[in-house]
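Structure first, then comments.
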Amino acid sequence: MREAGGTTAPLIYPSTYLACTIDCAWYLELQPMGPTRTKLIHGALFPKDRLSRNDFEDIAKNYYKRWDITIEEDIVASERQ
């Protein structure tokens, strides 16, 4: 049995990763632009009740900061591979 508070993260081949967490969902899509370049598209999905909160922009900044950090780490790891 999957933990009630866990994350589901399917890979949608050939180029999309979707993460469904307890408080939001987000995705990464990779689009090859040639042999040495790849375009990364990142999107986030939040429940409607979160979007209507007065403090949503402040809360969302924490998510965006985290994603900026981890995306840079992923780029470095990919280049090393």
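Per residue of the chain, the DSSP helices (runs of n ≥ 4 H) give a summed -39500 (n - 2.57) that works out to -11500 deg cm²/dmol at 222 nm.
Output the relative contact order of the chain, whole-number percent, from Cα pairs under 8 angstrom with separation of 6+ residues. Mind dumping the intermediate values first?
Details: 75 pairs, mean separation 12.5, N = 81.
Computed over the chain, the figure is 15 percent.
Per-residue 3J(HN,Hα) values for region 52-57, derived from phi via the Karplus relation 6.51 cos²θ - 1.76 cosθ + 1.60 with θ = phi - 60°, read 8, 5, 4, 9, 4, 4 Hz in sequence order (x marks Gly and Pro). Give me the Debye-computed log₁₀ of I(q)/I(0) at q = 0.16, 0.17, 0.24 Å⁻¹ for the chain, equal point scatterers on Cα only, no solvent, two decimals. The Debye formula, applied to the Cα set alone, gives -0.76, -0.84, -1.28. Label separation (Leu45 vs Arg66): 1.8 nm, computed from points 7 Å beyond Cα along the C-beta direction.
Here the chain carries DSSP beta bridges of which approximately 100% are antiparallel, counting only pairs with both residues inside. The slack between Leu30 and Leu18, meaning 0.36 nm per residue of separation minus the straight C-alpha distance, is 3.1 nm. Counting only protein heavy atoms and a 1.4 Å probe, the chain has 82 square angstrom of accessible area per residue. The Cβ shell under 11 Å around Pro47 holds other residues with a net charge of +1, Lys and Arg each +1, Asp and Glu each -1.
The values are calculated or read from the model by the stated rules, or taken from the named source; none is laboratory data. Remember, it's a predicted structure, so these values are computed and weren't measured experimentally. Every residue, glycine among them, receives a Cβ derived from its backbone with ideal geometry; neighbour counts consider all protein chains shown. The area values use the complete protein model at the heavy-atom level, side chains included, leaving out ligands, DNA and RNA. Shrake-Rupley method; radii C 1.70, N 1.55, O 1.52, S 1.80 Å.
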